[in-house]
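Beneath this line is the structure, given in structure tokens, with notes to follow.
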Amino acid sequence: MPSDGAPPLERFRRYLGDQELPATPQRLAVAEAVCQAAGHVSVEDVAERVRERGVAVGTATIYRTLDLLVRSGLVRAYDFGEGFRRFALAERGGPWGRYVCTSCGRTDEFSNDRLERVIGLLAEEVAFRPHHHRLEVYGLCRACQQEHPLTHAR
Ligand SMILES: [Zn+2]
């Protein structure tokens, strides 16, 4: 979904309308919880935030709403190798780099605003104008570390 300047929640409402799905308070509360979070939130984080707002939302609804948010393009799902997904507003910055496991080949994307700023500053120092960049970090994913505790990343 292209960003047209409308607030994310409003765009989600519109997406629901396009899909002929009702914009229930539960769906909006889940969307709001993700939109207002500063970082990448887990399903548990979302559940807690929604609870704090006093809206009763079942876990299944949270999962389904997160899927809707991802499908709408507003929110991106991330896998940081923790065994569960995290969610963040897509416009907060897309996946920025990748962790590549040299043992099983698994890749996980990550993004980091501070790193992004540092890249910009470094480029500025040499009057280089970057338009995109990619970063790959090689090592062992969590599962492979547990499987081969003595193997070191090359
Ligand atoms: Zn691995």
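Since every read-out is calculated from the coordinates, none of them should be taken as a lab result. Because the structure is a prediction, the values reported are computed rather than measured. Cβ placement follows ideal geometry from the backbone for every residue including glycine, while neighbour counts extend to all protein chains displayed.
Can you classify the range 1-81 as rounded, prolate or oblate using the Cα gyration tensor, where a ≥ b ≥ c are the square roots of its eigenvalues, rounded means a/c under 1.5, and otherwise it's prolate if a/b beats b/c and oblate if not?
Here the range 1-81 falls in the oblate category.
Which of the three applies to the range 55-116, rounded, prolate or oblate, going by the alpha-carbon gyration tensor with a ≥ b ≥ c and a/c under 1.5 meaning rounded?
Taking the square roots of the gyration eigenvalues as a ≥ b ≥ c, the range 55-116 is oblate.
Run the lone-cysteine check on the chain: no other Cys C-beta under 4.7 Å from the residue's C-beta.
Within the chain, the cysteines lacking a partner Cβ under 4.7 Å are CYS35, CYS104, CYS144.
Where in the chain are the helices, taken as whole DSSP H runs, whose Cα atoms extend 24 angstrom or more along the long axis and whose Kyte-Doolittle mean reaches at least -1.0?
Working: long enough: none.
Passing helices, by number: none.
Please list 39-49, 22-32 highest first by mean number of surrounding beta-carbon atoms within 10 Å per residue. All intermediate terms of the calculation are to be shown ahead of the outcome.
Values: 39-49: 16.4, 22-32: 18.5.
Descending packing order for the listed peptides: 22-32, 39-49.
Between HIS148 and ARG51, what length in nm is gained on full extension when 0.36 nm per residue of separation is reduced by their alpha carbon distance? The partial results should precede the final answer.
Numbers: separation 97, 0.36 × 97 = 34.92 nm, distance 4.01 nm.
Additional length available on full extension: 30.9 nm.
So for the chain, what percent of the C-alpha to C-alpha distances run longer than 29 Å?
Roughly 32 percent, rounded to a whole number.
In what sequence do THR59, THR102 fall when counting other Cβ within 10 Å, fewest first?
THR59, THR102
At 0.36 nm per residue, minus the direct Cα-Cα distance, what do ASP113 and THR59 gain on full extension? Give it in nm, one decimal, please.
16.4 nm
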